[in-house]
Each structure stands twice: as C-alpha cells, then as structure tokens.
Amino acid sequence: QVQFVESGGGLVQPGGSLTLSCVVRTSIASVNTMTLAWHRQAPGNQRELVASIGSIDSGAHAVYKDDVKGRFTVSRDITSDTLYLQMNNLKPEDTAVYYCAASRPGYGHYWGQGTQVTVSS
C-alpha cells in the first residue's frame, strides 16, 4: 500500500557526509498528511528512531535522536514526496541499516527496505 525507493547509502570515512533519499508512493492517503521518519538498526541492536518530520498540515516539525542533533538534518519535498536525511560529521557508531518510514493515525505504519550506511576508515 505504501512503496518506498531509498537511495544514498554507502561507505564513508569518519567525519564525512552522506545524504539519504526516500521517495514515497501511496494511494491510501496524501503523502503530505503522513509523518515521515528515518530509523536505523545496527547489528545486534534494536531499531531506533533517528529523525522524524511531521505532516505538512501540522507544520512539518522535526524531531531528532539526541546523539544526531546538530549533525543530521531531516527534510521533505512536498512536490516530489521525497524524504531526505543529510548526515554530516559521521561517526563509526552511525553505521547501520537506515530505514525510511511513513505513518498516519488510522492508516498504519509502513517501512522501506533499508539502505546500508557504513562509517569506517
């Protein structure tokens, strides 16, 4: 019911930058009415919320995990239904599979297939 096309992952050195993109396609509701988010899961760890951005009609308020504040920026493009995550000053502990997600009360919570981010020298 909701399809995602994620891109932008890869290998980067500590201190480097990457930008993740996620195109969201759905017929169940306007993407602009959905909360979009990035989650990540490292081996042996639980999946955790990295950043979320509210629906357009709610003001698109952004929320961040404490240890990415000041380094990561989440944004959304309303014309292309695309979610972005700009990641700067990457650290080895940021290594994980990053998942795009979309949700709206009453409509459910949907996940992308994930994209690998590896921070290593």
(message) Considering only the stretch 70-78, I want to know if a residue exists there that is modelled with pLDDT of 95 or more, β-branched (Val, Ile, Thr), more than 23 Å from VAL2 (Cβ to Cβ) and not in a loop (DSSP other than H, G, I, E, B).
(response) yes
(request) Give the stretch 15-30 a look and list any residue that's over 17 Å from THR118 (Cβ atoms), at pLDDT 95 or above and open to solvent by less than 60 Å² (accessible area, probe 1.4 Å), or say none. (result) SER21, CYS22, VAL23, VAL24
(request) With a cut-off of at least 3 residues that are touching a Phe, Trp or Tyr at 6+ places or on another chain (Cβ under 7 Å), name the strands (runs of 3 or more DSSP E) lying wholly within the stretch 1-56. (result) 18-26, 35-41
(message) Tell me yes or no: at least one residue of the stretch 56-69 is open to solvent by less than 50 Å² (accessible area, probe 1.4 Å) and more than 18 Å from GLN116 (Cα to Cα).
(response) yes
(message) Which numbered condition in (1) buried (at least 21 other Cβ atoms within 10 Å of the Cβ); (2) small (Gly, Ala, Ser); (3) in contact with a Ser or Thr (Cβ under 6 Å, 6 or more places away or on another chain) is the only one that SER103 fails?
(response) (1)
(request) Go through the stretch 57-69 and give me each residue that's assigned to a helix (DSSP H, G or I) and closer than 24 Å to THR95 by Cα. (result) ASP66, ASP67, VAL68
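The values are calculated or read from the model by the stated rules, or taken from the named source; none is laboratory data. Everything numeric in this text was worked out from a predicted model, so none of it was measured. Note: ideal-geometry Cβ built from the backbone for every residue, glycine included; neighbour counts use all protein chains shown. Just so you know, the surface numbers come from the protein's heavy atoms only, side chains and all, with ligands and any DNA or RNA stripped out. Shrake-Rupley method; radii C 1.70, N 1.55, O 1.52, S 1.80 Å.
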